[in-house]
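Before any comments, here is the structure.
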Amino acid sequence: MKHPIKTWTLRLMATGLLVAALLFAIILNPGLVYAHKTTYKHLTIYHDRPLSPTLIDKFNQAAALVAASSVHNPKLTLDICLHDNSVYPQLMQSLRGPAFAWGFYNKVVLQGTAHVDSNYVELNGYRWNMTQLLAHEMTHCYQFNQLGFWNSKPIAPIPNWKWEGYAEYVSRQNTDQKDLSKNLARLMETDESQWGVKFSDHTITPRAYYDHWTLVQYCLEVKQMNYLQMLADTTRESSIRAEMMCWFNRPEILSTPSPIQNR
């Protein structure tokens, strides 16, 4: 009896390894499940349906935002995987859960419904500015590229506020998003029970991400740290937040933000 059980166990293990290897191959090679791919500058765009004529403009705008950050590498080629009836975003959702998009390794995977002409991605009734979402996820790819596999999330224990907050900081560069004191005022005016914080274009960001973003903005612009210095800093998140609020409540607030180059 033991011999058949051992045989079936080995077969199941072999099948499991084969399925895992197939999934891994698809994740690393989106072209296996997409009908089309379009190359544009440093981007390889995978899609099933014809591309919207205005989509390239969104990529250009997102690339300009990320190019100003210190983690940017102009030589890195990024794969952009669209959610246009392909099974790839569905596969990523089954592996990582639902999200507006995922950015990992050198891949940006849109999972929400893209409204390109209106410049937003929709998920569960919420809207995320599409240009800024692309820049956010691209930043994660550049973080991974600069820091390496072992020093990036989810392997490295980098606090969420330093990982997600930096991606938000790089991407949130609209004219009404650059002033830290105004960003903090907007956060405090928002009901804490609300999941997201709204911007003037009627898009949102999760409240937790918004909070992370302000912490990063404080470290980079007020404390004049660069991103690697912020990663290495061991000050507790609660202490930085308390310090930031003391700064915010000063009668004289430094109102001129620093540029994000080399941050």
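Here are some notes:
- The modelled label-to-label distance for the pair Leu95/Thr77, using points 7 Å beyond Cα in the direction of Cβ, is 2.0 nm.
- Charge dipole (segment 158-263, unit charges on Cβ, about Cα centre) - positive-most of Ala232, Gly196, Ser171: Ala232
- Most to least packed among 76-85, 27-36 [average Cβ atoms within 10 Å]: 76-85, 27-36
- At the listed q of 0.23 Å⁻¹, the Debye profile of segment 114-171, built from one uniform point per Cα, gives log10 I(q)/I(0) equal to -0.88.
- Considering only the chain, percent of DSSP beta bridges that pair antiparallel, nearest 5: 75
- Amide H partners (placed H, <5 Å) of Gly196, local residues excluded: Arg207
- Square roots of five times the Cα gyration tensor eigenvalues for segment 158-263, Å: 20, 16, 15
- Test item: Cα-centred dipole of the chain, Lys/Arg +1 and Asp/Glu -1 on Cβ, debye: 960
- Volume in Å³ per residue [convex hull over Cα atoms, computed for segment 31-134]: 104
- Exposure proxy for Lys75, Lys37, Lys58: other Cβ atoms within 10 Å of each Cβ, ordered fewest to most, give Lys75, Lys37, Lys58.
- Chymotrypsin sites (Phe, Trp or Tyr not before Pro) restricted to segment 170-224 and DSSP loop, no more than 13 other C-beta within 10 Å: Trp195
- Taking all pairs of distinct alpha-carbon atoms in the chain, Kirkwood radius in angstrom: 20.0
- Eligible lysines near Lys182 by straight Cα distance, threshold 23 Å, same-chain separation 8 or greater: Lys162, Lys198, Lys223
- Hydrophobic long helices, here whole DSSP H runs in the chain with Kyte-Doolittle means of at least 0.5 and Cα atoms spread over 20 Å or more along the helix axis, are found at 2-28.
Bear in mind these aren't lab numbers, they're just calculated from the coordinates by the rules spelled out. Treat the numbers as computed from the prediction; the structure is a model and nothing was measured. Positions of Cβ are backbone-derived with ideal geometry, glycine not excepted, and every protein chain shown enters the neighbour counts.
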